[in-house]
Structures are given as structure tokens and as C-alpha cells.
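Enquirer: Could you have a look at this structure, given as C-alpha cells, before my questions?
The values are calculated or read from the model by the stated rules, or taken from the named source; none is laboratory data. Not measured: the values here are computed from a predicted model. Cβ sites come from the backbone with ideal geometry, for glycine too, and all protein chains shown count toward neighbours. Protein only, heavy atoms only, side chains kept; ligands, DNA and RNA dropped before computing areas. Shrake-Rupley method; radii C 1.70, N 1.55, O 1.52, S 1.80 Å.
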Amino acid sequence: MIYVGIDIAKLNHFASALSSDGEIMLQPFKFTNDYDGFHLLAQKLDSFDSDELIIGLESTAHYGNNLVEFLVNHHYKVCVINPIQTSTMRKNNIRKTKTDKVDTFIIAKTLMMNPHRLYSQYDISLMHLKELGRFRMKIIKKRTQAKIQLTSYVDQAFPELQYFFKSGIHQKSVYAVLKEAPTPDAVASMHMTHLSHLLETTSHGHFKKDSATELRILAQKSVGSNDSSISTQITQTIDLIELLDSQVKDVESQMELIVTSLDSVIMTIPGIGFINGGMILGEIGDITRFSNPSKVLAFSGLDPTVYQSGNFNASHTKMSKRGSRPLRFALVNAAHNVVRNNKTFKDYYDQKISEGKSHYNALGHCAGKLVRIIYKMLTDNVEFKLD
């Protein structure tokens, strides 16, 4: 076999190749992180039998993702190596040397001496799910911040509005009114027919003419500011929220397509939808990375902390929250839905509540149970069978 080690960087990568006997088959060479560079690498590798090649590179944030996808699509055998393994190999060297060229040999030797798993299109799909799931969380965070800002602006412009709409100001009917009339004077001067029609159509008939009349009277008595600077902030913040809403929907539709194509057994769990299921699959990745469910639990940060001093060993501790936040978020959300859709999980939740646990504490225990079940399902590729 011929082992190819690739050292990843932002602009330029380095690669070299070693035979099973340690003979240098390719001296370290640099190639750029673009179309020309990737094809230069492929041209160098074409001099070897593709069945004899195994390519390894370290897991380095997002910089190597494009190269991994390129190599997998061109039917090369590719492995992504844990940097801990290469670090151990590097420490074993007599000379403490670290350069891009030397690192390519370190990676090739690590690949040669350690068990490895080849990347596939399935892993590429999981990588895309992970990126989309994390991007979705970022958009939702921005949307939440925008909604908080909008609330502060409306408090200045029309403070009585939040009490008029019992469900809060963050609904389509309120946004529709504020986009056209962001100040009390503008609402008060709106034609009654138009205002009532606007409210009724955007609320799907929930708000009728009497609601429009009450809103108009409220606007006439409002102590809010009619400052144009505040009204500008209101209308543009609503535009931003609606843009973020559309982006979330677009990301979720892409996640649904990928999850559907994977046809994973995780989707047989009652209550797990495409979003939570996709985030769980994307964050866990290759389940064989974990030797037991406890390691998945630790990776998600759902494992309890340990506090011990002398003869004292705390029996009640909080969850560590040190792992993947998106995975922890998805697992707790999924556990909440599974509790509502499965008797076994509902009984387990009720048991924890009867023991004096809080709602979120009980959900954390249910999420831990869910991790153990998901681990078994993904490892053995079996469907959910609990009643």
C-alpha cells in the first residue's frame, strides 16, 4: 500500500507519499487550495494504482472539507485523522521538528500504524448536515436578537401595543401593521376599512373589525413617540426578521432533503423530525468513532460533572455542558418530543418527576436514555422498537 499524507492549511496544502516499507514515493510538494491545486494533486497520484492508495489528512476545522469532498467524488480512499493521533506520533520523533513538509510524513505514518476508516458519500452528507444545523442555530440566534431589538423600539414608539396583542407583538398581523404604520399617529390615521382588512387577512380571521377599532382608539391615546428615527428602526428590523425567517425555512428544507436521502433508522423514533434528527446525525457523524454510548453522552455534554474531595463524593451534580452544544440542544428537544409520543419515555419522565427532579432535569435524563437507544440503533442499523 502507498500512504499519502496531506497537511492542510488555508491557502496551500502539502502532500507526500510513503510505501508500506517506509520508502518515500513522493517527496513533499505544495499545492494550492483551488481547482489547479487539486488537479495537480490528482495528477501526481495518477502515477500510482488507485487501489493501492490511501490518503490521510488531519481534521482541521473547515479548511480540508473541499479537498475531502473532491477526493471522495474522484473515488480515492480518504481518511480523516484525529489530530491527537498525529500529535502522539510527532512526540515520538527524536527530533522535535514541525514543518508542513515533515507533517505530511507524520500523517502518512499515522495512517500506516493506526486503524482507519474510509470516508464515503454518506460521511459527506453528514458533514453537510452538521454545517447546515450549526448555520441554522446562528440564524435563529440573530433572529432572537432582532426580536429583542424590535421590542425595545416598539416600547418607545407604541408602548401600549404589547398589551393589546395578548400573544405578543411577534406575529404576522402585528408586523403587517407596523410595516405600514410604525407610529401611533400613522395607525390612528389609517383608513378603518384598510386597517380591519389588513388585520383580518394577516391573522387568518382572528382579528376582525372590532379589534381594528380598538387598536385605532388605542393609537389615538398612545403616549408613544412619533420620531421618524424610531419608525425607521422598526420597519427595517421587521424586514430583517422576515429575511431571517425565510433563511431558516430554506436551511430546514435543505436539511430535510439530506435526511430523506440518508434513510437513517433514527427517523423511526416517534417524535424525532428532520431538523432534530438531522442535527443529531450531523453532530455525531460516524458512530464508530465512539466505542460506547457514554462517550456520545460526554461528547454532547449531557454527562454529569464529577465533584470529589477527600472522602467527600457529591451524589448530585449538574450536567457538564462541555461537549457539542448543537448536539445537546437537538437531543433535549428530541427527548421532549419523544416523551410526548412514546409511552416508555413518558413513564421514564414521570418516574424522574416523582423522584423530585425538575422538568429540565427529567428531560436531561430522557435525553441520556435517548442517546443510548440511538447508539444501539446506529451501531446495529435497527429500527426503534420500544412501545
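Enquirer: Given the criteria more than 31 Å from the chain's Cα centre (by Cα) and not β-branched (Val, Ile, Thr), does residue 38 qualify?
Expert: Details: more than 31 Å from the chain's Cα centre (by Cα): no; not β-branched (Val, Ile, Thr): yes.
Against the criterion (more than 31 Å from the chain's Cα centre (by Cα) and not β-branched (Val, Ile, Thr)), residue 38 does not qualify.
Enquirer: Which of the residues belonging to the range 1-52 are within 17 Å of residue 79 (Cα to Cα), in a loop (DSSP other than H, G, I, E, B) and open to solvent by 70 Å² or more (accessible area, probe 1.4 Å)?
Expert: Listed by number, the list holds a single entry, 1.
Enquirer: Evaluate the range 364-381: report whether one residue or more is of a type in the set (Phe, Trp, Tyr), open to solvent by 10 Å² or more (accessible area, probe 1.4 Å) and free of Cβ contacts under 8 Å to residues at least 40 places away in the same chain.
Expert: First, pick out the residues of the range 364-381 that are of a type in the set (Phe, Trp, Tyr): 375.
Narrowing the set further to residues that are open to solvent by 10 Å² or more (accessible area, probe 1.4 Å) leaves 375.
Restricting the remaining residues to those that are free of Cβ contacts under 8 Å to residues at least 40 places away in the same chain gives none.
Checking the range 364-381: not a single residue is of a type in the set (Phe, Trp, Tyr), open to solvent by 10 Å² or more (accessible area, probe 1.4 Å) and free of Cβ contacts under 8 Å to residues at least 40 places away in the same chain.
Enquirer: If you go through the range 1-15 one residue at a time, how many are closer than 12 Å to residue 59 by Cα and touching a Ser or Thr at 6+ places or on another chain (Cβ under 6 Å)? Break it down stepwise before answering.
Expert: Quick first cut of the range 1-15, residues closer than 12 Å to residue 59 by Cα only: 6-9.
If we keep only those that are touching a Ser or Thr at 6+ places or on another chain (Cβ under 6 Å) too, we end up with 7-8.
Of the residues in that region, 2 qualify.
Enquirer: If you take the residues in the range 103-154 that are assigned to a helix (DSSP H, G or I) and without any contact (Cβ under 8 Å) to a residue 12 or more places away in the chain, which one is farthest from residue 256 (Cα to Cα)?
Expert: Here is the first cut: in the range 103-154, the ones assigned to a helix (DSSP H, G or I) are 103-113, 121-154.
Now drop any that are not without any contact (Cβ under 8 Å) to a residue 12 or more places away in the chain, which leaves 138, 141, 144-145, 148, 152.
Values: 138: 18, 141: 21, 144: 23, 145: 26, 148: 29, 152: 35 Å.
Restricting to residues being assigned to a helix (DSSP H, G or I) and without any contact (Cβ under 8 Å) to a residue 12 or more places away in the chain, the top hit is 152.
Enquirer: Just give me the residues in the range 109-127 being of a type in the set (S, T, N, Q), surrounded by fewer than 19 Cβ atoms within 10 Å (Cβ to Cβ) and farther than 20 Å from residue 281 by Cα, in sequence order.
Expert: Of everything in the range 109-127, just one residue is of a type in the set (S, T, N, Q), surrounded by fewer than 19 Cβ atoms within 10 Å (Cβ to Cβ) and farther than 20 Å from residue 281 by Cα, namely 114.
Enquirer: Also, quick follow-up: Helices (runs of 4 or more DSSP H) wholly in the range 172-281 with at least 3 residues that are of a type in the set (Ser, Thr, Tyr) and open to solvent by less than 40 Å² (accessible area, probe 1.4 Å) - which ones?
Expert: Details: elements: 172-180, 184-188, 192-202, 209-221, 228-262.
In the range 172-281, 228-262 are the helices (runs of 4 or more DSSP H) which contain 3 or more residues that are of a type in the set (Ser, Thr, Tyr) and open to solvent by less than 40 Å² (accessible area, probe 1.4 Å).
Enquirer: A further question on this structure: Any chance you could count how many residues in the range 329-363 are touching a residue at least 60 places away in the same chain (Cβ under 8 Å), assigned to a helix (DSSP H, G or I) and open to solvent by less than 60 Å² (accessible area, probe 1.4 Å)?
Expert: Residues flagged as touching a residue at least 60 places away in the same chain (Cβ under 8 Å), assigned to a helix (DSSP H, G or I) and open to solvent by less than 60 Å² (accessible area, probe 1.4 Å) within the range 329-363 amount to 5.
Enquirer: Identify, from the list 86, 99, the residue that is closer than 17 Å to residue 116 by Cβ and either modelled with pLDDT of 95 or more or of a type in the set (Ser, Thr, Tyr) (or both). Full working, then the answer.
Expert: Values: 99 fails: closer than 17 Å to residue 116 by Cβ.
Only one candidate passes the filter, namely 86.
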